[in-house]
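The values are calculated or read from the model by the stated rules, or taken from the named source; none is laboratory data. Note that the structure is predicted; figures quoted are calculated from it, not measured. Cβ atoms come from the backbone with ideal geometry, glycine included; neighbour counts cover every protein chain shown.
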Amino acid sequence: MMRVLCLHGAGSNNNFFQNQTATLRAHLPDFSFEFVQGTLPHQGGSWSSHYGNRNDDVEQELFTYFTLFDPEFMLETERELIDLVTSASPPFDGVLAYSIGCSLAFQASMRYEAEREPNSRGSLFKFAIFCNAVAPSKAIDIVDSCCFGTAAEVESRIKDEALTLTELALGMRLIAAPSAVEEVNRLRQWAKLQMKDWQGVHTDRGFDVVKIGVMGVMPFDQKNERLHIPTLHVRDPMEHRLFGERMQILCDPKEAREFFHDHGHEFPRGYNISKTLADLVRETAARA
């Protein structure tokens with residue numbers, strides 16, 4: 001039986017993600033699913049109102065796994081996930097993740113590959129299912145750097161194909177109404193306000209990064225940093241590139257498959273779409 005780790009989105013919890021994936025999981029009786037809940041209380045909006053009784057939303061605690069504004073906590077969370085997966089018995093085969101849960105799965109996978117001990121397992125997961133994935137970001141130690149200005153100046157220096165850090169910050173918060181222009185603009189201003197005291201630095205390794213305290217945060221390099229396991233990318237092509245498209249670019253194109261839906265940032269639902277998605281999950285796992 002395939003054992004799959006499940007990671008929810010921001011402004012959610014295990015209960016909501018179990019509801020979101022119930023129909024999909026019903027089509028996969030030979031897979032087992034284990035849900036791991038975030039520990040950081042979420043202060044933004046929530047997709048939970050789409051599932052169950054809206055009146056219950058305020059009574060349930062909502063969580064996320066990390067925020068862009070605390071790279072030390074981000075790093076700690078990645079390593080906690082690595083410890084959980086590598087110590088699991090029986091081991092996990094794959095991961096089913098949604099929104100920011102995808103970011104965590106990717107970030108932890110890349111960190112594991114960079115830091116793993118010789119003779120340890122080759123990859124953190126054998127396969128990954130990413131649904132409406134928020135583009136991942138990387139926390140790094142800044143050993144030697146030269147400050148050149150503000151976070152806004154970092155954004156002006158990042159190459160056109162890279163996500164700006166404002167967009168990454170937006171993804172941490174943008175949950176309540178991603179299609180509402182007014183909400184997007186308001187949250188974009190919120191993200192910039194959070195970044196006003198950050199420093200822009202140029203590191204000794206030759207790249208620009210935003211410094212937050214003693215650490216830095218930056219987008220992954222889409223040309224040189226890729227995840228080399230079978231992946232399935234479930235997304236709405238009409239969504240912002242932050243949600244799904246950027247993650248797919250960071251995965252090995254020979255191993256990546258995609259499935260489009262028209263549910264925006266919501267987890268796709270309904271019997272037929274769930275049956276198709278379940279078949280694709282099987283196919284992805286079989287390639288591992």
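A few remarks follow.
- Tally, over region 61-78, of residues that are in a helix (DSSP H, G or I), touching a Phe, Trp or Tyr at 6+ places or on another chain (Cβ under 7 Å) and either under 21 Å from Asn15 (Cβ atoms) or free of Cβ contacts under 8 Å to residues at least 12 places away in the same chain (or both): 1
- Residue selected from region 1-32 under the condition free of Cβ contacts under 8 Å to residues at least 60 places away in the same chain and assigned to a loop (DSSP other than H, G, I, E, B), by the criterion nearest to Asn132 (Cα to Cα): Asn13
- When region 239-260 is limited to residues that are part of a loop (DSSP other than H, G, I, E, B) and out of contact with any Phe, Trp or Tyr (no Cβ under 9 Å at 6 or more places or on another chain), the one that is surrounded by the fewest Cβ atoms within 10 Å (Cβ to Cβ) turns out to be Lys254.
- Pairs meeting the criteria (first residue in region 79-108 and more than 19 Å from Leu40 (Cα to Cα) and in a loop (DSSP other than H, G, I, E, B), second residue hydrophobic (A, V, I, L, M, F, W, C) and modelled with pLDDT of 95 or more, beta carbons under 6 Å, at least 6 apart or on different chains) are Phe92/Leu5; Phe92/Val85; Asp93/Met2.
- Look at region 115-128: where a residue is within 16 Å of Cys102 (Cβ to Cβ) and a partner is in a loop (DSSP other than H, G, I, E, B) and acidic (Asp, Glu), sitting 6+ places away or on another chain with Cβ atoms under 9 Å, you get Phe125/Asp93; Phe127/Asp93; Phe127/Glu255.
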